[in-house]
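Take a look at the structure set out below.
The values are calculated or read from the model by the stated rules, or taken from the named source; none is laboratory data. Just so it is clear, the model here is predicted, and its values are computed rather than measured. So basically every Cβ, Gly included, is an ideal-geometry build from the backbone, and we count neighbours across all protein chains shown.
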């Protein structure tokens, strides 16, 4: 568990850089979110439902941000 905090920090930074460098690559952003959620779920020993809820919440935030930055790509997503 020691290195997990650093891994979560790296995943957060990587997610941010993917969003900045590739705002149109929703698939890469989803992959980064999925990895971050998995790491957080392990750290806090979340149930599968809690992990799914966290993923859906993060996905909602990502869609909201993406919709503001690049609205035409997020129509109907």
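Considering the stretch 45-65, and only residues there that are without any contact (Cβ under 8 Å) to a residue 40 or more places away in the chain, closer than 20 Å to residue 29 by Cα and more than 10 Å from the chain's Cα centre (by Cα), the residue that is surrounded by the fewest Cβ atoms within 10 Å (Cβ to Cβ) turns out to be 64. Within the stretch 31-43, residues that are free of Cβ contacts under 8 Å to residues at least 24 places away in the same chain have Cβ atoms under 6 Å from residues that are assigned to a helix (DSSP H, G or I) in these pairs: 32/14; 32/15; 32/18; 37/54; 37/55; 41/51, counting only partners at least 6 apart in sequence or on another chain.
Yes/no matrix, rows are residues, columns are (1) on the phi > 0 side of the Ramachandran plot; (2) modelled with pLDDT under 90:
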position	(1), (2)
4	no, no
10	no, no
13	no, no
20	no, yes
29	no, yes
38	no, no
45	yes, no
49	no, no
